[in-house]
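Any read-out appearing in this document is the output of simple, stated calculations on the displayed coordinates, not a laboratory observation. Worth saying up front: this structure is predicted, and the values here are computed from it rather than measured. Heads up, the Cβs are rebuilt from the backbone with ideal geometry, glycines too, and the neighbour counts pull from every protein chain shown.
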Amino acid sequence: MPGQITIDPVTPADIPLVMHLIRALAEYEHELESAQATPEQLHEALFGPNPAAEAVIARLDGEAAGWAIWFQTFSTWTGRPGLWLEDLFVYPEKRRFGVGKALLQHLARICVERNYTRFEWSVLDWNEPSIAFYRSLGAVGMDEWTTNRISGEALKRLAES
């Protein structure tokens, strides 16, 4: 039987827990070496003078179970903001209790309350369980769109050119 799920905004005191969740997600996605954010960077991103993101912690029966971090986007087509879910992670042993769905419902409510027109995120193409879960909630794959990224030295070269 599922336990009680609570979802609360991340506080500065949660930064060590969030760092652990980030590393757990990176390990799950086979990219542990890519998780290089520091507690100081995370604190600045969430609580600095110009916050870049918002985040919540989900707890199952009072124990940390997962988290989500997101930021506002904007669509020129709708003329309205949207929500981009950067990361959502639930500890493997806490899955199948409704924590992931509760996090997505929480974010959907934020979108509706703020009059956002879109709620979007990416999922790795090999992550079939998550893809199936998202589809069961009504998410539609945007397969015709390809994500692009410039980082590291390529970003510096472009900026300097």
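Annotations
- Loop-located GluC sites (Glu not before Pro) in segment 106-161 whose Cβ has at most 13 other Cβ within 10 Å (DSSP): GLU144
- For segment 118-161, the set of trypsin sites (Lys or Arg not before Pro) satisfying both a DSSP loop assignment and a count of at most 16 other C-beta atoms within 10 Å is given as ARG149.
- Gyration tensor over alpha-carbon atoms, segment 5-160, equivalent ellipsoid semi-axes in Å: 23, 21, 18
- Measuring r between the beta carbons of THR6 and ASN115 and using R0 = 25 Å, the FRET efficiency lands at 0.45.
- On the basis of the beta-carbon distance and an R0 of 30 Å, PHE71 and GLU160 show a calculated FRET efficiency of 0.65.
- Here ARG80, ARG96 are placed in order of increasing Cβ neighbour count within 10 Å, fewest first, which gives ARG96, ARG80.
- About its Cα centre, the dipole of the chain is roughly 540 debye, where the only charges are +1 on Lys and Arg Cβ and -1 on Asp and Glu Cβ.
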